[in-house]
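In what follows, a single structure is set out as structure tokens and then discussed.
Every number in this text was worked out from the coordinates using simple rules, so none of it is lab data. Everything numeric here is computed off the predicted structure, so don't read it as measured data. Cβ: placed from backbone, ideal geometry, glycine included. Neighbour counts: every protein chain shown.
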Amino acid sequence: MSDRAASTEPGFQFADAAQAREVSTLGMWAFLATEVLFFGALIAAYFNYRIWYGDELIAAAGHTKIVLGTINTAVLLTSSACMAMAVWSQESKARRAACLWLAATAALGLLFVAIKSYEYLLEYREHLVPALDFDGARYGGATELFFTWYFCATGLHALHLLIGIGFVLFAAIAIARDRLPDGLSIRILGLYWHFVDIVWIFLFPLIYLAGRNG
Amino acid sequence: MVLKVWLALFALLALTTTMAFVQLGSANLAIALAIAVAKAVLVLWFFMELKGSAGLTRAFAAAGFFWLLILIALTWADYSQRRDVRVPVTISSPRSP
């Protein structure tokens, strides 16, 4: 138990635990601000394509799989709720519950990636993958542009999610073995996870909800 | 609290997906984005704990979105008003048979 007590002590560079907590929170938010602009540039590009290609781009978005996309949104929103529960459990010193909620979060994250991979497979079969197998004669240039953007945006999002899953699994195992490293805060990990969720909240309507009527 | 936010997020997801199938012209995009903002605010405020955060943390959180707003607003203001620049649609590379 002396180990546990020691791990709650802040590092020598901090005045107290509250300051250590605030510094780590601000550090994560500063990183997330750069991530906002990283994904934001992709979203700004999407708006430009909407201006340039209008109805053609909206029609291109109609080729995406809305049922799978909606299920995936639900999966990711639920994973965020699990993550919030994990943070709450960890802060109330409920180790076992925190470990289980983290495992649920990672499992839902993996389910999201699995569904997304299946979508990629369906799109490959429909010759909708630019550079690899795209039927330009059938779909046209605006659709190729949309799907290039689509694979960049969803691929980068999936990469962020995979990194998050890795950290969440690592944290779950570390908590189970009672060996959570000092530098790894579940609350900070939660901020990252929820941010990846927010990126998807914006990608979802732009990708799946365009081109569903008319 | 978490359960209520989760239910609200699911309700908004059901609403936005349903609205996408209703033909409203350009209002479709506006409604979809408004609902996305509502969902993001729920996640930011409750899950990311901005609700109980200090002013400085909130300022850090808002900074990224503020700059993003500038990026999108100025880009949109430029390109939506241009009539001289048109990007050619024929960008598809010809596939060999």
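Here are some notes:
- Relative to one another, the C-alpha centroids of the range B:1-64 and the range A:55-118 are positioned 15 Å apart.
- Placing a pseudo-label 7 Å from each Cα along the Cα-to-Cβ vector at A:LEU122 and A:GLU22 gives an inter-label distance of 4.9 nm.
- Taking B:LEU9, A:LEU37, B:LEU3 and counting other C-beta atoms within 10 Å, the order from fewest to most: B:LEU3, A:LEU37, B:LEU9
- Principal axis box of the range A:61-116, alpha-carbon based, largest edge first, Å: 47, 15, 11
- Rounded to the nearest 10 degrees, the inclination of helix B:2-20 to the longest alpha-carbon principal axis of chain B is 20 degrees.
- Net length gained if the chain between B:ALA63 and B:TRP45 were fully extended (0.36 nm per residue, minus Cα distance): 5.0 nm
- Summed residue charge, Cβ within 13 Å of A:ALA74's Cβ, Lys/Arg positive, Asp/Glu negative: 0
- Percentage of interatomic Cα-Cα distances in chain B larger than 17 Å: 70
- Counting only DSSP H runs of at least 4 residues, each contributing -39500 (n - 2.57), and dividing by the residue count of the protein assembly as shown, the helix-based mean residue ellipticity at 222 nm comes to -25500 deg cm²/dmol.
- Straight-distance candidates among the aspartates and glutamates for linking to A:LYS116, with alpha-carbon spacing under 15 Å and chain neighbours fewer than 8 residues away dropped: A:ASP197.
- Folded to 0 to 90 degrees: helix B:27-42 orientation relative to chain B principal axis, Cα: 30
- Among A:LEU128, A:LEU159, A:LEU189, the largest mean-square fluctuation in a Gaussian network model of chain A, built with springs joining Cα atoms closer than 10 Å, belongs to A:LEU159.
- All lysines inside 16 Å of B:LYS39 as judged from Cα atoms, apart from same-chain residues fewer than 8 positions distant: B:LYS4, B:LYS51
- For chain A, pairs of C-alpha atoms spaced more than 29 angstrom apart make up 36 percent of the total.
- Shielding by other protein chains, A:74-86, mean Cβ within 10 Å: 4
- Once the Cα atoms are used to define both axes, helix A:66-91 deviates from the longest principal axis of chain A by about 10 degrees.
- Spread over its residues, the convex hull of the C-alpha atoms of the range A:1-125 is 150 Å³ per residue.
- Per-selection Rg to Rh, the range A:118-214 - Cα, Kirkwood hydrodynamic radius: 1.15
- In order along the range A:92-102, the Karplus-derived 3J(HN,Hα) couplings, from 6.51 cos²θ - 1.76 cosθ + 1.60 at θ = phi - 60°, round to 8, 6, 8, 4, 4, 5, 4, 4, 5, 5, 5 Hz, and Gly and Pro are given as x.
- Average Cα contact separation per residue, chain B, under 8 Å, 6 or more apart, as relative contact order %: 21
- Mean per-residue shielding of peptide B:71-77 is 4, counting Cβ atoms of other chains within 10 Å of each Cβ.
- Karplus-derived HN-Hα couplings along the range A:39-53 (A = 6.51, B = -1.76, C = 1.60, θ = phi - 60°), whole Hz, x at Gly and Pro: 6, x, 5, 4, 5, 4, 4, 4, 5, 4, 4, 5, 5, 6, 9
- Within the listed set A:GLY164, A:GLY54, A:GLY62, the residue fluctuating most in the Gaussian network model of chain A (springs between alpha-carbon atoms under 10 angstrom) is A:GLY54.
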